[in-house]
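Some notes on the structure that comes next.
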Ligand SMILES: [Zn+2]
């Protein structure tokens, strides 16, 4: 049994806890604000202090901890523990030596991984992906992140960018995406896309509970507002999830044709509508996948929630250090 720290660097908060690598249990979870505007050095220092505080709170000694894994939102130089590009984090994170600096401050070996690859690894080992041989994760949030396990290995690909399912193309002439391409999945099925569809329905005066649930304040309409309305049986909100599920189903059908997974895991805040989202995904996959047998692909919700990334990057650090 080994204890590793898992840390999740987000745009708003940094979260960390101690992970038991045998059971996946997370303890002493602490969250602090990222305050990215203070710059890279201040954020790295705050992360190091957080990790040391987590250890202190647990009553363990630094020497009881095997190492630290950090999930970061963007492209990572995994081998050298540096961030290459973090598009959603304020400041300059190009080539930032995060792992070396955290090791310098804490004395613990530190490893970096993309945040959704970390969720993928966590869900595969201890969550909805347990026992899968080949799987893909779609995490629906501000964007749509992803990750893939192929034949019992976390698949990282060229520069660790494998699994960027949010930038698979739904329509090659579609709207411009933040990545520079057109018609990426996340333009149609991310949380902001769901919120925008809800907003449009309210502005157009359709009969829906979405406006009421947001207190008739258009700024307060989020994906959660739309999913709450859908779960209460609101026809407009249910139709939005039907459409979003169709788009996800198209991308997932392409993924199934590419890697022939036995499982697809759907997570992230945008997946809160549950079967209202999963059913149109399943239906689309059955209609659109003709080669691999779609009946053998189970499409399930993520199980680890917010802890998936923390668990996954701690396990990643464990695997990197102790093989
Ligand atoms: Zn894109």
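Listing for the model above:
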item: Base-10 log of normalised Debye intensity for the chain (one unit scatterer per alpha-carbon) at q = 0.06, 0.07, 0.09 Å⁻¹; result: -0.21, -0.28, -0.47
item: Folded to 0 to 90 degrees: helix 275-288 orientation relative to the chain principal axis, Cα; result: 80
item: Inter-centroid distance (Cα atoms) of segment 124-145 relative to segment 194-272, Å; result: 19
item: Cα-based helix-to-principal-axis angle, 235-259 vs the chain, degrees rounded to 10; result: 60
item: Most mobile of 15, 82, 130 in a GNM of the chain (Cα contacts under 10 Å); result: 130
item: log₁₀ of I(q)/I(0) at q = 0.15, 0.18, 0.26 Å⁻¹ - segment 94-173, Debye sum with one point per alpha carbon; result: -0.64, -0.84, -1.15
item: Gap separating the Cα centres of segment 298-315 and segment 87-123, nearest whole Å; result: 18
item: Cα gyration tensor, segment 22-150 - rounded (a/c under 1.5), prolate or oblate; result: oblate
item: Square roots of 5 times each gyration tensor eigenvalue, C-alpha, segment 131-301, largest first, Å; result: 29, 17, 14
item: Helix axis angle, 191-203 relative to the chain longest principal axis, alpha carbon, degrees; result: 30
item: Tail beyond 13 Å, pair distance distribution of segment 266-323 (Cα, percent); result: 69
item: Ellipsoid equivalent to segment 17-79 - semi-axes via the Cα gyration tensor, in Å; result: 22, 16, 11
item: Residue among 132, 292, 99 with the largest mean-square fluctuation in a Gaussian network model of the chain, springs linking Cα atoms under 10 Å; result: 292
item: Percent breakdown of C-alpha pair distances by 10 Å bin, ordered from the shortest bin, for segment 208-272; result: 20, 41, 24, 12, 2
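Every number in this text was worked out from the coordinates using simple rules, so none of it is lab data. Fair warning: this is a prediction, and the values are worked out from it, not measured in the lab.
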